[in-house]
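For reference, the structure discussed in these notes is given below.
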Amino acid sequence: GPKVLQIPSHQIIDMGQMVTLNCDPVSNHLYFYWYKQILGQQMEFLVNFYNGKVMEKSKLFKDQFSVERPDGSYFTLKIQPTALEDSAVYFCASSFAGGNQAPLFGEGTRLSVL
Amino acid sequence: QQQVRQSPQSLTVWEGETAILNCSYENSAFDYFPWYQQFPGEGPALLISILSVSDKKEDGRFTIFFNKREKKLSLHIADSQPGDSATYFCAASALQGGRALIFGTGTTVSVSP
């Protein structure tokens, strides 16, 4: 079936550096999401994105975070600069229609900030 | 403010028993409730979902019961199997394009053979 691919699966960086997490959503999906999960705990919503724009963002989506999907390529989450508390697994998801279609999630990128 | 709550935090059942997972929410605007199953090291996978116009949704061994008045729902896993051992998340969103899906705190289920 369709899959959301996330690249890389694991990223290790030093605090203060910039990191970009890449997501290849399902080809005909229109809505894109990022979630943060720490140690297998609750999935926390960060941001959703449609038609080139952020629709909603949570308090966790700090000023250091940004998202974009230039020309239908990867949907990216950029963190600049990174902080120790950014260490987590970041999940990308996509859906064709919002509302009553549950987003399809990728396998996650584990980010370790040292 | 936790908008979606789940209980219990963890649950152990014997193989063949029915596991019952509870979920409650606060936001009256929520009208779509998917349940996700997550295994360690993997992303969450959609298990079953329900719209607020229904009070029950069944798919094989998995059944959602929904009480809109009380803002509560539950997931019943009948004839539990060891392969059902995972963390289950209740989630909620408003039926409006691309709205944020808010996850609950999760219930970790262990099925003993």
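The values are calculated or read from the model by the stated rules, or taken from the named source; none is laboratory data. No experiment lies behind these values; they were computed from the predicted model shown. Cβ placement follows ideal geometry from the backbone for every residue including glycine, while neighbour counts extend to all protein chains displayed. Remember, those area values only see protein heavy atoms, side chains included, never the ligands or the DNA or RNA. Shrake-Rupley method; radii C 1.70, N 1.55, O 1.52, S 1.80 Å.
A few remarks follow.
- Within segment B:75-87, residues that are under 12 Å from residue B:63 (Cβ atoms) and touching a residue at least 12 places away in the same chain (Cβ under 8 Å) have Cβ atoms under 6 Å from residues that are of a type in the set (A, V, I, L, M) and open to solvent by 50 Å² or more (accessible area, probe 1.4 Å) in these pairs: B:76/B:20, counting only partners at least 6 apart in sequence or on another chain.
- Segment A:48-60 - residue that is polar (S, T, N, Q) and open to solvent by 20 Å² or more (accessible area, probe 1.4 Å) and, of those, farthest from the chain's Cα centre (by Cα): A:51
- Under the condition of being small (Gly, Ala, Ser) and touching a residue at least 40 places away in the same chain (Cβ under 8 Å), the residues counted in segment B:11-51 number 5.
- Each residue in segment A:12-47 was checked for being touching a residue at least 12 places away in the same chain (Cβ under 8 Å), of a type outside the set (Val, Ile, Thr) and open to solvent by less than 50 Å² (accessible area, probe 1.4 Å), and 16 of them qualify.
- Subset of segment B:54-92 that is open to solvent by 20 Å² or more (accessible area, probe 1.4 Å), of a type in the set (S, T, N, Q) and away from chain A (no Cβ under 12 Å) - its residue that is nearest to residue B:24 (Cα to Cα): B:67
- Any chance residue B:5 is surrounded by fewer than 17 Cβ atoms within 10 Å (Cβ to Cβ), within 16 Å of residue A:45 (Cβ to Cβ) and basic (Lys, Arg): yes
- Pick from segment A:89-114, criterion within 14 Å of chain B (Cβ to nearest Cβ) and surrounded by fewer than 21 Cβ atoms within 10 Å (Cβ to Cβ), ranking: farthest from residue B:93 (Cα to Cα): A:110
- The listed residue being within 14 Å of chain A (Cβ to nearest Cβ) and open to solvent by 20 Å² or more (accessible area, probe 1.4 Å), out of B:51, B:101: B:51
- From B:34, B:40, residue being within 10 Å of another protein chain (Cβ to nearest Cβ), surrounded by 17 or more Cβ atoms within 10 Å (Cβ to Cβ) and under 30 Å from residue A:7 (Cα atoms): B:34
- Here A:71, A:63 are screened, and the one residue that is open to solvent by 70 Å² or more (accessible area, probe 1.4 Å) and within 18 Å of residue A:83 (Cα to Cα) is A:63.
Residues checked against (1) modelled with pLDDT under 95; (2) in a loop (DSSP other than H, G, I, E, B); (3) within 12 Å of chain B (Cβ to nearest Cβ):
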| residue | (1), (2), (3) |
| --- | --- |
| A:12 | no, no, no |
| A:15 | no, yes, no |
| A:21 | no, no, no |
| A:39 | yes, yes, yes |
| A:56 | yes, no, yes |
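- Residue within segment B:37-50 that is among the acidic types (Asp, Glu) and closer than 28 Å to residue A:32 by Cα present: yes
- Selection from segment A:77-88 of residues that are surrounded by fewer than 17 Cβ atoms within 10 Å (Cβ to Cβ) and within 13 Å of the chain's Cα centre (by Cα): A:78
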